[in-house]
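To keep things clear, I will list the structure first and then write my remarks on it.
The values are calculated or read from the model by the stated rules, or taken from the named source; none is laboratory data. Computed from a predicted structure; not experimentally measured. Cβ coordinates were reconstructed from backbone atoms using ideal geometry, including for glycine residues, and neighbour counts include every protein chain displayed.
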Amino acid sequence: MRRYETIFIVDPDISEEERTPLFEKITELIPQQNGLLVEIDKWGTKKLAYEIKKRVRGFYVRLDYCGTGALVNEMERLFKIDERILKYMTILLEKNIELEKIKEEIGTKEVEATKVEKDVESEVNSESIDPFESEKVEEGTIQTKSEEEE
C-alpha cells in the first residue's frame, strides 16, 4: 500500500450544502477501494494563480490517504466526470507504508485535537467575566477637546 496526497479545487460558487455530499462521496470511495483516509484538510476559498473554467477563485481541499493505484485512478476518474471539480493533482508521498504506523498517527492526532478542544473549553468556563467590572474613571478626569484648548 502507498500513501498519497491529492489536492483538488472545487467551484467556489456552489454552497456548503452542495459541497458536503461531494466530499462525502470522495471520502466514502477510499474505504470502498480498501484505502485508509488519514486526513481531509479544507483550506477554503482562495484566489487562483490563473483563470480556470472562467473562475478566478476556488475552494481548495487536501486529502491525505493510503491506497493502491486503482484507488487513485478511480478518484481521478470521478474528478474528471464531476463539473464542480476545477483542477486536481495527486502526489505519491511514500511507496511502502506500515498501515499500523499510520493508524497510530491518526489516533495521536485525534487525541491531540480532543485535548486542545477540552483545554479551550475549560479556559472559557474558568474565566468568569463580569461585564460591570471594568476600569472605572473618576469623575472630572475626562476632558473634552474644547476644555483642553482653553
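Within region 6-32, being under 27 Å from Ile97 (Cβ atoms), surrounded by fewer than 17 Cβ atoms within 10 Å (Cβ to Cβ) and in contact (Cβ under 8 Å) with a residue 12 or more places away in the chain holds for Ile7, Phe23, Lys25, Thr27. Apart from one condition, Ile91 fits all of (1) surrounded by 15 or more Cβ atoms within 10 Å (Cβ to Cβ); (2) in contact with a Ser or Thr (Cβ under 9 Å, 6 or more places away or on another chain); (3) at pLDDT 90 or above; the exception is (1).
Screening region 1-75 for strands (runs of 3 or more DSSP E) wholly inside it with 2 or more residues that are under 17 Å from the mean Cα position of the chain (by Cα) and modelled with pLDDT under 90 returns the ranges 36-52.
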